[in-house]
Amino acid sequence: MPILQAFGPSPGRPPPPAPVGDATAAARRHGVVPMPSLDWNAQVERETAPLYARVKTVIPAIEWPFFAPYVKAINALKRERNAVILAHNYQTPEIYNCVADFVGDSLQLAREAAKVDAAIIVQCGVHFMAETSKILNPDKTVLIPDRRAGCSLAAAITGQDVRLLRAKFPGVPVVAYVNTSAEVKAEVDVCCTSSNAIEVVESLGADTVIFLPDRYLAHYVAAHTTVKIIAWQGACEVHERFTAEELRRYRADDPALQIIAHPECPPDVIGEADYTGSTAGMIDWVRKNRPRRVVMVTECSMADNVQAELPEVEFVRPCNLCPHMKRITLPKILDSLIHLREEVVIDPTMAARARRAVERMVNLRR
Ligand code: SF4
């Protein structure tokens, strides 16, 4: 089914600022702890050796003495603080493999956030993910190590835009990709991720649905359902950089190469892929199929993370990095755990409305 109509953000609109709490409120509640030692010595080397074994195929030995003291200090502070670290699949290997308690795509992290019983959640991902954790855990302290970690999709639409769409299409349900601010989630009927977008759209039982903010995911959904889709014109600045032409060149060099793509990519890129799915779906596909050579058409840290687990698979890496995800680093995570910053705060009324839309998604298959 083709997309019915498409609407877009006003050109040149600046991204909304990420809201954060009073810089000292969380520190007052939980206290500040002293800076731990960051020395590299034989004891640190011995204690972190099992973790280095997980990442040795993607982190050169010469770099480990920089990472290891942070890894040791962060893991000790997590226990002391009763904190958990949720890390997205696009985080760098030393975060993903060595300090994260839970890893996954947005949906998996949202589900873990709902189950977690720690006092503090440190979200290693971008701001809308930390907001989602706060929405599902209003009584917990949720921290993001760098509040500037935004997202071009989340910045593409505001709550006011959703209200205008509702006025233009009265009675048409609104589905929001989780890559949206809490303010937007509060205005929609239900959220979705790239792994359940089609299922969520069809669960509404409507013949027409407004889908926002990703135009390419909207296109992908429209191609796989009979529901008519009204789309918003946002895009992921990482996935829209891939081209079908570059994938055809890879394939011409090696006809046996497997190409797997994320549905945030443009349609002609998806047209070149052997498989399309969410980041979790892509990882599962590689685990199950064990291709000799594969190109993952998504943010390039994910290939490093899967490579650490499956060293026998050769990953071809067109390296499109997400600059927002890369703002999260081990020194910033440690700083976050010491000083309890940056705390994510959401107006309680807005959070309650946003929670309805997120929980409707999270509960869909229970
Ligand atoms: S990769 Fe794209 S969708 Fe994901 S956080 Fe970065 S800009 Fe947003």
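Where residues in region 321-347 are of a type in the set (A, V, I, L, M, F, W, C) and not in a loop (DSSP other than H, G, I, E, B), which of them is farthest from the ligand (Cβ to nearest atom)?
Among those residues, the one meeting the criterion is Ile338.
Would you confirm whether any residue within region 274-288 is open to solvent by 60 Å² or more (accessible area, probe 1.4 Å) and touching a helix residue (DSSP H, G or I) at 6+ places or on another chain (Cβ under 7 Å)? First the steps, then the outcome.
In the first step, residues of region 274-288 are kept if they are open to solvent by 60 Å² or more (accessible area, probe 1.4 Å); the result is 274-275, 284, 287-288.
This time we only want the ones that are touching a helix residue (DSSP H, G or I) at 6+ places or on another chain (Cβ under 7 Å), so: 275.
Yes, there is a match, as at least one residue in region 274-288 is open to solvent by 60 Å² or more (accessible area, probe 1.4 Å) and touching a helix residue (DSSP H, G or I) at 6+ places or on another chain (Cβ under 7 Å).
How many of the residues in region 218-256 are open to solvent by less than 40 Å² (accessible area, probe 1.4 Å), assigned to a loop (DSSP other than H, G, I, E, B) and of a type in the set (Val, Ile, Thr)?
Residues meeting the conditions: 3.
Please specify each residue of region 199-219 satisfying the condition of being without any contact (Cβ under 8 Å) to a residue 40 or more places away in the chain and over 14 Å from Ala231 (Cβ atoms). Outline the logic, then answer.
In the first step, residues of region 199-219 are kept if they are without any contact (Cβ under 8 Å) to a residue 40 or more places away in the chain; the result is 201-202, 204-207, 209, 211.
Across region 199-219, the qualifying residues are Glu202, Leu204, Gly205, Ala206, Asp207.
For region 257-271, what are the residues that are in a loop (DSSP other than H, G, I, E, B) and within 15 Å of Arg241 (Cα to Cα)?
Keep residues of region 257-271 that are in a loop (DSSP other than H, G, I, E, B), which gives 257, 262-266.
Within region 257-271, His262, Pro263, Glu264, Cys265, Pro266 meet the criteria.
Name the single residue, out of those in region 175-189 being among the small types (Gly, Ala, Ser) and within 14 Å of the ligand (Cβ to nearest atom), that is least open to solvent (accessible area, probe 1.4 Å).
Pass one, region 175-189, residues among the small types (Gly, Ala, Ser): 176, 181-182, 186.
If we keep only those that are within 14 Å of the ligand (Cβ to nearest atom) as well, we get 176, 181.
Working: Ala176: 0, Ser181: 24 Å².
Going through the qualifying residues, I end up with Ala176.
Strands (runs of 3 or more DSSP E) wholly in region 49-166 with at least 2 residues that are touching a residue at least 24 places away in the same chain (Cβ under 8 Å), open to solvent by less than 20 Å² (accessible area, probe 1.4 Å) and under 20 Å from Pro323 (Cβ atoms) - which ones? Write out each step before concluding.
Working: elements: 83-88, 102-104, 120-124, 141-143.
By residue number, 83-88, 120-124.
Name every residue in region 113-137 that is within 25 Å of Ala155 (Cβ to Cβ) and more than 16 Å from the ligand (Cβ to nearest atom), in order of residue number.
Initially, region 113-137 is screened for residues within 25 Å of Ala155 (Cβ to Cβ), giving 113, 121-137.
Ala113, Ile121, Val122, Lys134, Ile135, Leu136, Asn137 - these are the residues of region 113-137 that are within 25 Å of Ala155 (Cβ to Cβ) and more than 16 Å from the ligand (Cβ to nearest atom).
The values are calculated or read from the model by the stated rules, or taken from the named source; none is laboratory data. Because the structure is predicted, anything quoted here is derived from the model rather than measured. Every residue, glycine as well, gets a Cβ built from its backbone with ideal geometry; the counts of neighbours run over all protein chains shown. Remember, those area values only see protein heavy atoms, side chains included, never the ligands or the DNA or RNA. Shrake-Rupley method; radii C 1.70, N 1.55, O 1.52, S 1.80 Å.
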